[in-house]
1. Taking the mean number of other Cβ atoms within 10 Å as a proxy for protection, how do you rank 9-15, 39-45 from highest to lowest?
2. Taking the Cα centre of each part, how many Å lie between region 45-77 and region 1-44?
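All of the numbers you see were taken from the coordinates with simple rules; none came from a lab. Predicted model, so just to flag it, every value in this text is computed and none were measured. Cβ sites come from the backbone with ideal geometry, for glycine too, and all protein chains shown count toward neighbours.
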Amino acid sequence: MRTAIFYHAGCPVCLGAEQMLADGIDRSKYRVEVVHLGEHADRVAEAEAAGVKSVPALVLNDQVFHINFGASIDALK
């Protein structure tokens with residue numbers, strides 16, 4: 001099964017995007033993982049390596065989709 005990873009920082013923009021996007025992904029096709037980078041700072045490097053420049057962002061099939069603009073990845077380091 002493919003994985004969709006939704007990275008966010010817990011801000012209102014991020015939480016709104018999580019509700020709309022991460023919850024709307026077909027779970028029969030994707031394993032969805034939601035990563036709050038404010039709570040899991042150890043995963044910031046992982047997000048950055050995947051190409052995440054700002055959050056909220058969805059990584060799906062190795063493609064990064066930046067959604068709106070909540071915070072720069074640099075602000076989470």
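1. 9-15, 39-45
2. Centre-to-centre distance over Cα atoms comes out at 11 Å.
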